[in-house]
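Visitor: The structure under discussion is supplied below as C-alpha cells; questions concerning it will follow.
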Amino acid sequence: MRVIGVVGLPGSGKGEFSRIAQELDIPVVVMGDSIREYVRSSGKSLSDLSMGEASAQLRQEMGRDAIAQLTIPRVEACRADVAVIDGIRSDAEVALFRDHFSDFFLVGVACPSAVRLERIFGRGREDDVTSAEELKSRDERECGWGLEAALAMADVTVSNEGSMEAYETAVRSLLRECLERVA
C-alpha cells in the first residue's frame, strides 16, 4: 500500500488535494475526523477552540503522534493500493507513518497567509477561524505541535498560491504518478 500524507497550514489546500484524490478513486482519511468524533462524543460543539483543545488533550494523553495513532486503523481499513492521509500536523506523526507504512510519501502544500484566509472565509466549515488574528493563533498552535518540522520533511512541495486550475493540474499529475508506481 502506498500512503500519501498531506501536510500544510490551515487553508493551504489539503482538502482540495483530498477532493482531487477522491475524484481519482483514491480513498482519503482525514485526520481531523478523529478529533471531530472525540469533540462530538464529549458533548461539545465543533469550533476552532474545541478542536484545538481536544487535539492538545489527545496529544497530552497519548503522545505527540496521538492523532496518527488514531488514523492508522482507518487507513488500513481502506484496503487500497493507494490512500491519502489528509491533515498531518507534526513531525512525530510523519515519523510514525514512515515507521508504520513501508511506502509512505509526504506532500507539503504551500500557500501564503492572505490567500489561506480568503479561502477559509469562503469554505464555511463550522470549526474555521473567523479572523486574521484567529488564523495567526491557529498557525502558532499547530506550529507548536511540529507542523513546520513536518512541512520540512515533505518529499515534495506543491504550491497553491495561483489559480485553482494550476493547483489541480499539479495535484492530478502528482497523484497519477503515484498511481502508476503501484500499478
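The numbers here are math on the coordinates, done by the rules we state, and not lab data. Bear in mind the structure is a predicted one, so any value in this text is a computation, not a measurement. No Cβ is skipped: glycine too gets one built from the backbone with ideal geometry, and neighbour counts run over all protein chains shown.
Visitor: Enumerate by residue number the GluC sites (Glu not before Pro) in the range 84-183 meeting two conditions: DSSP loop (anything except H, G, I, E, B), and at most 11 other Cβ atoms within 10 Å of the site's Cβ.
Guide: GLU126
Visitor: Right, here's the next one. What ranking do MET31, MET1 get, fewest neighbouring Cβ atoms within 10 angstrom at the top?
Guide: If I rank by nearby Cβ atoms, fewest first, I get MET1, MET31.
Visitor: Given H placed 1.01 Å from N in the peptide plane, which residues other than close sequence neighbours of THR157 have an amide H under 5 Å from its amide H?
Guide: The list, which skips near neighbours in sequence, is GLY108.
Visitor: In addition: For ASP103, enumerate residues with amide H under 5 Å from its amide H, sequence gap 5+ or separate chain, H modeled in the peptide plane.
Guide: Amide H neighbours of ASP103, under 5 Å, 5+ apart: VAL3.
Visitor: Just need the relative contact order of the range 1-100 here, percent rounded to a whole number, with Cα pairs under 8 Å and 6+ apart.
Guide: Relative contact order here is 46 percent.
Visitor: Kindly provide the helix-only [θ] at 222 nm of the chain, computed as the sum of -39,500 (n - 2.57) over DSSP H runs of four or more divided by all residues, to the nearest 500 deg cm²/dmol?
Guide: -18500 deg cm²/dmol
Visitor: Could you work out how much longer the chain between ALA166 and ARG98 gets when fully extended? Use 0.36 nm per residue separation minus the Cα distance between them, nm to one decimal.
Guide: Length difference between fully extended and current span is 21.6 nm.
Visitor: Please give the net charge around ARG2, taking every other residue with its beta carbon less than 9 angstrom from that of ARG2, where Lys and Arg add +1 and Asp and Glu add -1.
Guide: -1
Visitor: Exposed loop sites here are trypsin sites (Lys or Arg not before Pro) in DSSP loop states with at most 15 other C-beta atoms within 10 Å. What is the longest stretch of the chain lacking them?
Guide: Longest run free of exposed loop sites: 126-183.
Visitor: Quick one: Karplus J couplings for the range 152-165, per residue in order, coefficients 6.51, -1.76, 1.60, θ = phi - 60°, nearest Hz, x for Gly and Pro?
Guide: These are the phi-based 3J(HN,Hα) values: 5, 8, 4, 6, 8, 10, 10, 7, 10, 10, x, 6, 5, 4 Hz.
Visitor: Calculate the FRET efficiency for SER173 and PHE121 from the Cβ-Cβ distance with a Förster distance of 25 Å, rounded to the nearest 0.05.
Guide: In this case the efficiency is close to 0.30.
Visitor: Placing +1 at every Lys and Arg Cβ and -1 at every Asp and Glu Cβ, with all other atoms neutral, what dipole size does the range 2-182 have around its Cα centre, in debye to the nearest 20?
Guide: 220
Visitor: Computed over the Cα atoms of the chain, what is the ratio Rg over Rh, Rh following Kirkwood?
Guide: Numbers: Rg = 15.5 Å, Rh = 16.5 Å.
With Rh from the inverse mean 1/r over Cα pairs, Rg/Rh is 0.94.
Visitor: If you don't mind, another one. Taking the dipole about the Cα centre of the chain, with the C-beta of Lys and Arg at +1 and of Asp and Glu at -1, give me whichever of VAL94, ILE4, ALA68 is farthest to the positive side.
Guide: ALA68
Visitor: From the phi angles alone, apply the Karplus equation (6.51, -1.76, 1.60; θ = phi - 60°) to the range 35-52 and give each ³J(HN,Hα) in whole Hz, x where the residue is Gly or Pro.
Guide: So the J values, rounded to whole Hz, are 6, 4, 4, 4, 5, 4, 5, 8, x, 8, 7, 6, 8, 4, 5, 5, 5, x.
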